[in-house]
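Chemist: Okay, handing you the structure first.
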Amino acid sequence: MRMKAAVLEEFARPLVVTDVELAEPKAGEVLVRLVACGVCHTDLYTASGVDPSGYAPTVLGHEGAGVVEALGPDVGSLAVGDHVVTLFSPQCRECEHCRSGRTNICLAIREQQNKGYLPDGTTRLSRDGEPIRHFMGTSTFAEYTVMPEIALAKVNPDAPLEAACLFACGLSTGLGAAIYTAGVRAGSTCVVFGAGMVGLGAVAGCRLQGAERIISIDLSDDRLQMARAQGATDTWQAGPDIVERIQAETRGFGADYTFEATGRVAVMRQAVEAARMGWGQCTVAGVAGRGETLDVIPRWLIQGRRVAGSSFGGVRGRDQVPELVERYLAGEIDVEPFISHRISLTEVNRAFELMEAQDGIRSVIQFG
Ligand SMILES: NC(=O)c1ccc[n+]([C@@H]2O[C@H](COP(=O)([O-])OP(=O)(O)OC[C@H]3O[C@@H](n4cnc5c(N)ncnc54)[C@H](O)[C@@H]3O)[C@@H](O)[C@H]2O)c1
Ligand SMILES: [Zn+2]
Ligand SMILES: [Zn+2]
């Protein structure tokens, strides 16, 4: 079929919204009609050309939600009409990692996905007979996408898809960092560095876990205000002496849990040092620039602090994205404030500009 898609033709140039061809789903694959898609930093990062593993041409986008339109052969878990959230982090339930129960990092289609192909090593996207590679296995800046069924989470159709799409990346990453990776205990003191989509999600996750004190730290007063609405009990301006302040307010010990959601290695270091001696756990969710390293004085670790990284918040996409969406429907997670701009696909480059200006949390593309 022919459809409109936002194509990254050349790095550091605006995306081009144009017609491309999308082939039928093959075995184990599903055709999804996109209804909504968030615009995330990772899309911009790839478009800018800074990401060394990026490629062009490709159709960007990975925060999609839509409706199943057609099934390829051998699809067992989805039906036409199902509402789905796209997963750049799939869950096959069969590989060594999925079976371990110890990680959400599925091995099933990793290699081909990283290269821009569907699991059989080919693309469904093309133009004038030339293949166009998929992005993050999702390519959701488009009216339709074909994806493996193991990379689609079936969610409650009562959830508006413009809200559901945020669970495809940043929001789940933040919520999951607190709920699944750290497993915050009730009554804890938590510190969240960064109050973008990921940090605000982590604040909400700490609240859902029953944390007693949640300190949100950012440079922007607007964002700190949003953090308060998500459950932060304290909101502090970022600064070089933030670790001392956290220690001073925790009888010199540090916080039970710290979360880093800025992508800055200097902040990651603060997050490690602000974790409590004895058992404090620092969860790093931010993605640092290529070649950057995190400096940690070993003594901080010997004193019982732990550091963990978290990809997609440790969320097992097909099992747990639907659960998170249920919690949203139950009124436990307030998603509306995160949708700052509603745009059409043709305005996708404006979403990048808004992001660079730090105007709002998420622009959401609405299709049709
Ligand atoms: N681990 C994953 O799977 C995953 C998924 C999505 C995003 N991410 C990463 O998470 C990070 C955050 O994403 P986002 O969408 O929330 O980004 P964002 O840019 O919207 O938010 C980052 C926030 O950090 C704040 N900040 C900057 N310097 C600071 C400092 N010194 N102290 C405290 N706060 C500071 C900024 O003001 C901003 O509000 C990015 O690095 C992103 O790439 C990781
Ligand atoms: Zn993302
Ligand atoms: Zn797997």
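The values are calculated or read from the model by the stated rules, or taken from the named source; none is laboratory data. All of these numbers come straight from a predicted model, not from anything done at the bench. Positions of Cβ are backbone-derived with ideal geometry, glycine not excepted, and every protein chain shown enters the neighbour counts. Side chains included, ligands, DNA and RNA excluded: accessible areas come from the protein's heavy atoms. Shrake-Rupley method; radii C 1.70, N 1.55, O 1.52, S 1.80 Å.
Chemist: Please specify each residue of the range 117-143 satisfying the condition of being within 18 Å of THR18 (Cβ to Cβ), open to solvent by less than 10 Å² (accessible area, probe 1.4 Å) and not aromatic (Phe, Trp, Tyr).
Modeler: Across the range 117-143, the qualifying residues are ARG124, LEU125, ILE132, HIS134, SER139, THR140, ALA142.
Chemist: So THR262 fits all but one of (1) assigned to a loop (DSSP other than H, G, I, E, B); (2) within 16 Å of THR189 (Cβ to Cβ); what number is the exception?
Modeler: Here THR262 clears every test but (2).
Chemist: Follow-up question, since we're still on this one. Here are VAL75, VAL7, VAL59, VAL80: which of them is without any contact (Cβ under 8 Å) to a residue 24 or more places away in the chain and more than 28 Å from ALA177 (Cβ to Cβ)?
Modeler: VAL80
Chemist: Residues LEU107, LEU87: which one is of a type in the set (A, V, I, L, M, F, W, C) and more than 11 Å from ligand 3 (Cβ to nearest atom)?
Modeler: Going through LEU107, LEU87 in turn, just one is of a type in the set (A, V, I, L, M, F, W, C) and more than 11 Å from ligand 3 (Cβ to nearest atom): LEU87.
Chemist: Continuing with this model, one more query. Out of (1) within 16 Å of ligand 3 (Cβ to nearest atom); (2) among the acidic types (Asp, Glu); (3) open to solvent by less than 40 Å² (accessible area, probe 1.4 Å), what's the single condition that is false for GLU63?
Modeler: (1)
Chemist: Any residue in the range 287-294 that is modelled with pLDDT of 95 or more and either touching a strand residue (DSSP E or B) at 6+ places or on another chain (Cβ under 7 Å) or in a helix (DSSP H, G or I) (or both)?
Modeler: No, the range 287-294 contains no residue that is modelled with pLDDT of 95 or more and either touching a strand residue (DSSP E or B) at 6+ places or on another chain (Cβ under 7 Å) or in a helix (DSSP H, G or I) (or both).
Chemist: Sticking with this one: All but one of (1) over 14 Å from ILE361 (Cβ atoms); (2) more than 16 Å from ligand 2 (Cβ to nearest atom); (3) touching a residue at least 24 places away in the same chain (Cβ under 8 Å) hold for ASP221, so report the exception by its number.
Modeler: That leaves (3) as the condition not met.
Chemist: Now for a different question. Would you mention how many residues in the range 302-322 are over 14 Å from PHE193 (Cβ atoms), touching a residue at least 12 places away in the same chain (Cβ under 8 Å) and either open to solvent by 70 Å² or more (accessible area, probe 1.4 Å) or part of a strand (DSSP E or B) (or both)?
Modeler: 3
Chemist: Is there a residue in the range 295-313 that is hydrophobic (A, V, I, L, M, F, W, C), farther than 20 Å from THR103 by Cβ and within 19 Å of the chain's Cα centre (by Cα)?
Modeler: So far as the range 295-313 goes, no, none of its residues is hydrophobic (A, V, I, L, M, F, W, C), farther than 20 Å from THR103 by Cβ and within 19 Å of the chain's Cα centre (by Cα).
Chemist: Please count how many residues of the range 43-53 are open to solvent by less than 50 Å² (accessible area, probe 1.4 Å) and within 14 Å of ligand 2 (Cβ to nearest atom).
Modeler: Looking only at that region, the number is 5.
Chemist: Go through the range 84-102 and give me each residue that's touching a helix residue (DSSP H, G or I) at 6+ places or on another chain (Cβ under 7 Å) and either within 16 Å of ligand 2 (Cβ to nearest atom) or open to solvent by 40 Å² or more (accessible area, probe 1.4 Å) (or both).
Modeler: Of everything in the range 84-102, those that are touching a helix residue (DSSP H, G or I) at 6+ places or on another chain (Cβ under 7 Å) and either within 16 Å of ligand 2 (Cβ to nearest atom) or open to solvent by 40 Å² or more (accessible area, probe 1.4 Å) (or both) turn out to be VAL85, THR86, LEU87, SER89, PRO90.
Chemist: If I ask for residues that are within 19 Å of VAL321 (Cα to Cα) and of a type outside the set (D, E, K, R), which ones from the range 86-99 would you list?
Modeler: The answer is THR86, LEU87, PHE88, SER89, PRO90, GLN91, CYS92, HIS97, CYS98.
Chemist: Only one of these conditions is not met by VAL80: (1) more than 16 Å from ligand 1 (Cβ to nearest atom); (2) open to solvent by less than 50 Å² (accessible area, probe 1.4 Å); (3) β-branched (Val, Ile, Thr). Which number is it?
Modeler: (2)
Chemist: Moving to a separate point now. Quick check on my filter: what residues within the range 295-332 are among the β-branched types (Val, Ile, Thr), more than 21 Å from ASP82 (Cβ to Cβ) and within 16 Å of ligand 1 (Cβ to nearest atom)?
Modeler: VAL307
Chemist: What are the residues in the range 138-173 that are acidic (Asp, Glu) and within 15 Å of GLY317 (Cβ to Cβ), if any?
Modeler: If the condition is that a residue be acidic (Asp, Glu) and within 15 Å of GLY317 (Cβ to Cβ), then GLU149 is the only one that fits.
Chemist: Can you find even one residue in the range 118-126 that is within 16 Å of ligand 2 (Cβ to nearest atom) and out of contact with any Leu (no Cβ under 8 Å at 6 or more places or on another chain)?
Modeler: The answer is no; no qualifying residue exists.
Chemist: Considering each of THR145, THR122 in turn, give the residue that is in contact with a Ser or Thr (Cβ under 6 Å, 6 or more places away or on another chain) and away from ligand 3 (no atom under 16 Å from the Cβ).
Modeler: THR145
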